[in-house]
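Worksheet: one structure, shown below.
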Amino acid sequence: MPSIFPHTHLLTAAQCDRATVDAVIARATEIARTPERFTRALAGRIIATLFYEPSTRTRLSFEAAALRLGAHIIGTENAAAFSSAIKGETLEDSIRVIGGYADAIVLRHGDDAAGERAARASVVPIISAGSGSAHHVTQALLDAFTIHAHHGTLDNLTVALCGDALHGRTIASLAELLAHEDNTRIIFVTPPTLRAPRALISALRRSGVVCHETTCFDDDVISQADVVYMTRTQRERGSRGTALILTPAHVRRMRRDAIIMHPLPRTDELPAAIDHDPRAHYFTQASNGLVVRMAILTLLVG
Ligand code: NCD
């Protein structure tokens, strides 16, 4: 019987076809409904978290997910300083060694290709928790879960991806994931300096996604979007430019059934004045990270 989850490693959103996304959403829904059935799902397993870049939600939700499934956690939140990387060890060598201790490795790294490099060196599943400015597959999956929970589908959606599309890996990954769904329309709303890479737009168009680009929250965007997905400017990756701010006045013109999302952390682009609007879904989105990462761990390691 074919596995419902045929992947050894989880590295990119491009890898997540509809069947994969559906399997993750179904399992996460099951876990949310009956968490008591999963408390021993990974009993006796060891999950390593290896983070070369800062993280709050991703690392803590992965660690909480592993603990809630009965697994143990080993790892470092600052692998750049507290691992042998500082002594010059390559990522590949670190992965080879940690694979001897743990049943899976959750990896965040500054290199776009880190996930692929780690997977080539690893004897255990690698789960990318963010690679460079290109990949953040588990964020895209929890974003898809959040959109699906609200709209009941991932088909026929108009999604405004706003902010830093140049270096924002959450934007790239969500766009790639939605490219597998039917009739996806994406509007990139970015400052002129932070437009999406041409290669991303070409790949999306080749997959049948209708892509538009604009530099402000004009009426078309605001009144058509089913999802307004905000992101911060990735200054640590060299992004520059004045951020586009989603104001309460914009939100008033949004559709009643639209939702506002943000992977967090936020800066000025998403004022706290919006938090009480029923369309603000970013804290629900962050908390969905727990069940979605539990789902990913059970499907990949269980
Ligand atoms: C994002 C990331 O690390 O790419 N954060 C997250 O995982 N929720 C977004 C960001 O840092 O801007």
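The values are calculated or read from the model by the stated rules, or taken from the named source; none is laboratory data. None of these values were measured; they are calculated from a predicted model. Methodologically, a virtual Cβ is constructed for each residue, glycine included, from the backbone with ideal geometry; neighbour enumeration extends over all protein chains shown.
Could you look through the stretch 247-302, keep only residues that are in a loop (DSSP other than H, G, I, E, B), within 16 Å of the ligand (Cβ to nearest atom) and over 14 Å from the mean Cα position of the chain (by Cα), and pick out the one that is surrounded by the most Cβ atoms within 10 Å (Cβ to Cβ)?
Taking the stretch 247-302 as the starting set, the residues that turn out to be in a loop (DSSP other than H, G, I, E, B) are 247, 253-258, 262-271, 275-279, 281, 302.
From what's left, within 16 Å of the ligand (Cβ to nearest atom): 262-270, 281.
Okay, now just the ones that are also over 14 Å from the mean Cα position of the chain (by Cα), so 266-270, 281.
Details: 266: 15, 267: 12, 268: 11, 269: 17, 270: 25, 281: 23.
Ranking the candidates gives 270 first.
If you go through the stretch 99-118, how many residues are within 16 Å of the ligand (Cβ to nearest atom) and among the charged types (D, E, K, R)?
Adding up the residues that qualify gives 3.
Which of the residues that make up the stretch 165-194 are farther than 23 Å from residue 153 by Cα and surrounded by fewer than 17 Cβ atoms within 10 Å (Cβ to Cβ)?
If the condition is that a residue be farther than 23 Å from residue 153 by Cα and surrounded by fewer than 17 Cβ atoms within 10 Å (Cβ to Cβ), then 192, 193 are the ones that fit.
Suppose we keep only residues that are among the aliphatic types (A, V, I, L, M), modelled with pLDDT under 95 and within 16 Å of the ligand (Cβ to nearest atom) within the stretch 38-93. Which one would you say is surrounded by the most Cβ atoms within 10 Å (Cβ to Cβ)? First the steps, then the outcome.
Quick first cut of the stretch 38-93, residues among the aliphatic types (A, V, I, L, M) only: 41-43, 46-48, 50, 60, 64-67, 69, 71, 73-74, 79-81, 85-86, 91.
Restricting the remaining residues to those that are modelled with pLDDT under 95 gives 79-81, 85-86.
Now narrow it down to the ones that are within 16 Å of the ligand (Cβ to nearest atom): 79-80.
Details: 79: 22, 80: 14.
Per the stated criteria, the residue is 79.
For the stretch 190-203, name all the residues that are in a helix (DSSP H, G or I) and either within 23 Å of residue 251 (Cα to Cα) or without any contact (Cβ under 8 Å) to a residue 24 or more places away in the chain (or both).
Going through the stretch 190-203, the residues in a helix (DSSP H, G or I) turn out to be 192-194, 198-203.
Across the stretch 190-203, the qualifying residues are 192, 194, 198, 199, 201, 202.
Which one is surrounded by the most Cβ atoms within 10 Å (Cβ to Cβ) among residues in the stretch 112-159 that are in contact with a His (Cβ under 7 Å, 6 or more places away or on another chain), among the aliphatic types (A, V, I, L, M) and closer than 18 Å to residue 228 by Cβ?
This residue is 154.
Scan the stretch 127-186 for residues that are more than 11 Å from the ligand (Cβ to nearest atom) and on the phi > 0 side of the Ramachandran plot and jot them down.
152, 156, 183
Restricting to the stretch 220-235, and then to whatever is of a type outside the set (A, V, I, L, M, F, W, C), farther than 20 Å from residue 152 by Cα and surrounded by 21 or more Cβ atoms within 10 Å (Cβ to Cβ), can you tell me which residue is nearest to the ligand (Cβ to nearest atom)?
231
Please give the number of the condition residue 269 fails out of (1) at pLDDT below 95; (2) touching a Gly at 6+ places or on another chain (Cβ under 6 Å).
Every condition holds for residue 269 apart from (1).
When you scan the stretch 1-114 for helices (runs of 4 or more DSSP H) that lie fully inside it, which ones turn up with 1 or more residues that are within 22 Å of residue 236 (Cβ to Cβ) and among the aliphatic types (A, V, I, L, M)? Show your work before the answer.
On the way: elements: 18-33, 57-68, 79-82, 91-98.
Of the helices (runs of 4 or more DSSP H) lying wholly inside the stretch 1-114, those with at least 1 residues that are within 22 Å of residue 236 (Cβ to Cβ) and among the aliphatic types (A, V, I, L, M) span 57-68, 79-82, 91-98.
Could you list, in sequence order, all residues of the stretch 204-246 that are under 19 Å from the mean Cα position of the chain (by Cα), part of a helix (DSSP H, G or I) and in contact (Cβ under 8 Å) with a residue 40 or more places away in the chain?
Scanning the stretch 204-246 gives a single hit, 237.
Identify all residues within the stretch 19-34 that are over 23 Å from residue 180 (Cα atoms) and touching a Phe, Trp or Tyr at 6+ places or on another chain (Cβ under 6 Å); write none if there are none.
Answer for the stretch 19-34, where residues must be over 23 Å from residue 180 (Cα atoms) and touching a Phe, Trp or Tyr at 6+ places or on another chain (Cβ under 6 Å): just 31.
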